[in-house]
Amino acid sequence: MPKMMATASISQPVETQPVESEVTFVELDDERLKALWSEALAALDNETFSKVAEDCELALVDQNSFKIVTHNVFFERDYNAVKTDLLSYIRKHSGHAHLNSEVNVLMAKVKKHAYTPSEKYEEMLQQNPQLGVFRKVFSDIDF
């Protein structure tokens, strides 16, 4: 049997009605962003990540991006695993379809400890410069 192609033509134009969105475009500010972030974390199934993410600081860069500042070096890895879910929730509820994020990890400065006697002496000398004069006067005393 030969195959027949079906053709269809539209004789009358189809009227389309605008779809009303349940979320309207709203200007984002830091306060609104933080509220949406908390809601998205509450909706997330990952309770461990949610607890870590609550301690992050959020800052709106512009209307299409925000940054997440944290001290946790493993946060970025964990965030990338749930980034799609979090961003889609925030985008949906804010009306910002092109909203993006970036993670900044701040490394804490580690205090250097003095272990050897010469390092201990140098540290004490920085705290009290008169120790150098004392050592010159009493040169036979070893520190």
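So here's what we get for this one:
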{"quantity": "Relative contact order of the stretch 21-135, defined on C-alpha pairs under 8 angstrom at six or more residues apart (%)", "calculated": "28"}
{"quantity": "Vicinal HN-Hα couplings computed from phi for the stretch 99-116 (Karplus, 6.51 cos²θ - 1.76 cosθ + 1.60; Hz; Gly/Pro x)", "calculated": "5, 10, 9, 9, 10, 10, 9, 8, 8, 6, 6, 9, 6, 7, 9, 8, 10, 7"}
{"quantity": "Span per principal axis, largest first, for the Cα atoms of the stretch 34-86 (Å)", "calculated": "29, 24, 18"}
{"quantity": "Heavy-atom accessible surface of the stretch 23-143: percent carbon and sulfur, 1.4 Å", "calculated": "52"}
{"quantity": "Solvent-accessible heavy-atom area per residue, rounded to whole Å², over the stretch 83-126 at 1.4 Å", "calculated": "76"}
{"quantity": "Kirkwood Rh in Å, taken over all unlike Cα pairs in the stretch 41-143", "calculated": "17.8"}
{"quantity": "Pairwise label distance in nanometres, Asn72 with Lys120, each label 7 Å out on the Cα-Cβ vector", "calculated": "3.9"}
{"quantity": "Stretchable slack from Leu44 to Val110, in nm (0.36 nm times residue separation minus alpha-carbon distance)", "calculated": "20.4 nm"}
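The values are calculated or read from the model by the stated rules, or taken from the named source; none is laboratory data. Quantities reported herein were computed from a predicted structural model and do not represent experimental measurements. Note: ideal-geometry Cβ built from the backbone for every residue, glycine included; neighbour counts use all protein chains shown. Please note that ligands, DNA and RNA were not included when accessible areas were found on the heavy atoms of the full protein model with its side chains. Shrake-Rupley method; radii C 1.70, N 1.55, O 1.52, S 1.80 Å.
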